[in-house]
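*Asks:* Questions regarding the structure given below will be posed in turn.
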Amino acid sequence: MKPIKPFIVLVAILFVVILMIPTLLVIPFSEEKASGKLEEAPKSNPESLSVSTEPAVEVAVYRANMGNTVDIPLEEYVIGVLASEMPASFELEALKAQALAARTYVVRQMLSEQKVGVPKGTNADVTDTTSHQVYKSKEELKNEMKEDYDWKMEKLIKAVTETKGQILTYDGAPIDASFFSTSNGYTENSEDYWKNPYPYLKSVPSPWDKNSKEFHGQITMSVKDFEQRLGVKIGDSKEIGKIIERTSSNRVATVEIGGKTFSGKEIREKYLDLRSSDFSWERKGDHIIIDTKGYGHGVGMSQYGADGMAKEGKSYKDIVTYYYQGVQISSATDFLNKITAKK
């Protein structure tokens, strides 16, 4: 018998190895697949990564046109106020500043034992009118915004979401976050328009407002109408009244007309329904022409001023700390817990 040549033995060994390779490769990968190691990892839900610690709080809103009180989740309420109080076309940072002011305002109101401006016999925290903050539901906003509803609401919700859980405080308490449309170039000291002085509601320059479409206003009324509204007689005199004093922001503090003295606030709100207490007038024949600068009471944050600051690249934090002097942006959680405990 002839000995097997080494070459033939080598070929035989290689042949066996080649046959075994697929089996060696398949076995480990089959085990991994069975154990799930090669399956795609489940995608995480970003919302599940953080759990909100804020208590669920609802705002009791008196719907003036309906004559009833409706409970609305806090953040939904803030969206409805933001959509009603500031144009969605404003810069996002201005909208965020307004959202923060709106949330602060209502939290302070809910914490108060005295619900000023709320109809008696109701359990409402606020009304949906300018007595507090204007609020409109999603259905009302859809009817109002029409084809612009989607993009406007997306922007408004973003502003509210990015300030969620934040309020403005001074010395550890929510502030009276007053706001208005347009200044006359300066905001007003709270004590110059209302009775109470607040250290964070001080007059500051607001030059951006001069670009507002609301900056100048003018109305014309008959001399007879003017006399009836104020209960005065000016007769044929060319002089309508004499301004006795102006505030530091150049609004009318007191004015004398026909022997009577009025505050600028009274003239604006109670008698003539003016856009601002920064007014001047002149007589032309049987009519009086009244010019105003600014729109609103002038105390706190100017909305058009906020938009002007945002256009210059300022953040919502820059805006609120400018118009509300010495305030801090704080978590609302502790205050919401107190509200929940009260109910």
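The values are calculated or read from the model by the stated rules, or taken from the named source; none is laboratory data. Given the structure is predicted, the values throughout are model-derived calculations rather than measurements. Every residue, glycine as well, gets a Cβ built from its backbone with ideal geometry; the counts of neighbours run over all protein chains shown.
*Asks:* For the range 84-108, which positions are under 18 Å from TRP208 (Cβ atoms) and of a type in the set (Ser, Thr, Tyr)?
*Replies:* SER89
*Asks:* To continue, here is another question. Which of the residues spanning the range 152-181 are assigned to a loop (DSSP other than H, G, I, E, B) and closer than 15 Å to LEU82 by Cα?
*Replies:* Within the range 152-181, GLU162, THR163, LYS164, ALA177, SER178, SER181 qualify.
*Asks:* Exactly one condition in (1) touching a residue at least 24 places away in the same chain (Cβ under 8 Å); (2) within 20 Å of GLU85 (Cβ to Cβ); (3) assigned by TED's automatic domain parsing to the domain that holds SER222; (4) surrounded by fewer than 22 Cβ atoms within 10 Å (Cβ to Cβ) is not met by LYS314; state its number.
*Replies:* Result: LYS314 passes all but (3).
*Asks:* Might you let me know whether the range 98-108 holds any residue that is free of Cβ contacts under 8 Å to residues at least 60 places away in the same chain, out of contact with any Leu (no Cβ under 7 Å at 6 or more places or on another chain) and either assigned to a loop (DSSP other than H, G, I, E, B) or crowded, with 21+ Cβ neighbours inside 10 Å (or both)?
*Replies:* Checking the range 98-108: at least one residue is free of Cβ contacts under 8 Å to residues at least 60 places away in the same chain, out of contact with any Leu (no Cβ under 7 Å at 6 or more places or on another chain) and either assigned to a loop (DSSP other than H, G, I, E, B) or crowded, with 21+ Cβ neighbours inside 10 Å (or both).
*Asks:* With the requirement that a residue be closer than 13 Å to SER84 by Cβ and of a type outside the set (Asp, Glu), what does the range 107-141 give you?
*Replies:* Within the range 107-141, VAL126, THR127, THR129, THR130, HIS132, GLN133, VAL134, TYR135, LYS136, SER137, LYS138, LEU141 meet the criteria.
*Asks:* Answer yes or no: is there a residue in the range 112-127 that is in contact with a helix residue (DSSP H, G or I) (Cβ under 7 Å, 6 or more places away or on another chain) and either in a helix (DSSP H, G or I) or on the phi > 0 side of the Ramachandran plot (or both).
*Replies:* Looking through the range 112-127, none of the residues is in contact with a helix residue (DSSP H, G or I) (Cβ under 7 Å, 6 or more places away or on another chain) and either in a helix (DSSP H, G or I) or on the phi > 0 side of the Ramachandran plot (or both).
*Asks:* Please pick out the residue among GLY235, GLY285, GLY231, GLY258 that is small (Gly, Ala, Ser), touching a Leu at 6+ places or on another chain (Cβ under 9 Å) and surrounded by fewer than 19 Cβ atoms within 10 Å (Cβ to Cβ).
*Replies:* Step by step, each of GLY235, GLY285, GLY231, GLY258 is checked, and only GLY258 is small (Gly, Ala, Ser), touching a Leu at 6+ places or on another chain (Cβ under 9 Å) and surrounded by fewer than 19 Cβ atoms within 10 Å (Cβ to Cβ).
*Asks:* Right, next: Going through ILE319, ILE339 one at a time, which residue ends up being under 24 Å from PRO73 (Cα atoms) and either β-branched (Val, Ile, Thr) or at pLDDT 95 or above (or both)?
*Replies:* Checking each option against the conditions leaves just ILE339.
*Asks:* Could you please find all residues in the range 256-308 being touching a residue at least 60 places away in the same chain (Cβ under 8 Å), among the basic types (Lys, Arg) and more than 30 Å from ALA159 (Cβ to Cβ)?
*Replies:* Passing the criteria: LYS265, ARG283.
*Asks:* Assess whether SER112 counts as being more than 16 Å from the chain's Cα centre (by Cα) and under 24 Å from LYS338 (Cα atoms).
*Replies:* Answer is yes for this residue.
*Asks:* Please determine whether any residue of the range 81-89 is part of a helix (DSSP H, G or I), of a type in the set (Gly, Ala, Ser) and surrounded by 14 or more Cβ atoms within 10 Å (Cβ to Cβ).
*Replies:* Yes: one or more hits.
*Asks:* Before we move on, is LYS317 more than 19 Å from the chain's Cα centre (by Cα) and either aromatic (Phe, Trp, Tyr) or over 17 Å from THR187 (Cβ atoms) (or both)?
*Replies:* Criteria not met by LYS317.
*Asks:* Name the single residue, out of those in the range 65-93 being out of contact with any Phe, Trp or Tyr (no Cβ under 7 Å at 6 or more places or on another chain) and among the β-branched types (Val, Ile, Thr), that is farthest from MET110 (Cα to Cα).
*Replies:* This residue is ILE79.
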